[in-house]
Amino acid sequence: MSQETVYAIASGKGGVGKTTTTVNLGTALAEAGKRVAVVDADLGMANLGGFVSLSPDSTTLHDVLAGDASVDDATYRLAENIVAVPSGTSLDDYAETSPEGLREVVADLRSRFDYVFLDVGAGVSHETVLPLGLADSVVLVSTPEPAAVHDTKKTVELTDRSGGAVAGLVLTRTRPDSDISHTEIADRLEVSLLGTIPEDPAARDSVYAGTPLVVFEPHGPAAVAYRRLAAELTGVDIPVSTAGEETDSTDASAPADSDSDADEREAAHDDVSSAITEAESDH
């Protein structure tokens, strides 16, 4: 099993499926019985905030980084074995945050969860670069389009400057009939190709259904690819099934964070459904 437990999921530009990748990797591992925390490290845009149907006065990562709340206060149980620490949407609250506090947040979660995924914002800023150095490894997400690949090169450079390490590249929305060499793209970036996620109509359908793809269409090509990616990345035994086969996943027997109040704030199914639709809208 990989000794790496904290991963930053990063992209050079928005709209390439970074949040979708974060959600599905975390869900696949949670279904395999691992305790997972997903952190919205995009402090300015808050990609994961919708997961828990936050009210205006809900506690978020903004409050934690401002020194006004604990990590537990901003932790929300999404489903068996998986929780989220969302960022807020208020610009005023964002202005009060200190990104440096993310170090303590990551250290806290690392000690209590099997895996921590940091959903990193696109672009170049201190709050974007910081998570790249805090993670054990950085997973680059890009589509095969030249503009996306070009921006991914910048993320590779930022990771190097932050002292971080790149785990490899994930290419989303790939097509089997394309003449583009995915390996050549990775070689051009001088990173390993971790996997490819094929274009799959179920991906968009899962967004509108408000359910992670690995749950919504578990035997579909993209869901199977995400499960394989999770297994390849972490070394965890994650059963992968194809159409017509049953997935023999390990049932989780304990809540993700029994030491916190996250269970008491578990989001209702309808709330999670509408929220994930917002959080995955970049796919």
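Just so you know, all these numbers are worked out from the coordinates, no wet-lab data involved. It should be emphasised that the depicted structure is a prediction, and the values quoted were computed from it without experimental measurement. As a convention, Cβ positions derive from the backbone with ideal geometry for all residues, glycine included, and neighbour counts pool all protein chains shown.
Kindly rank 168-180, 128-140 from highest to lowest mean number of other beta carbons found within 10 Å of each residue.
128-140, 168-180
Which of the peptides 28-38, 181-191 is most tightly packed, and how do the rest follow, going by the mean number of other Cβ atoms within 10 Å of each residue?
28-38, 181-191
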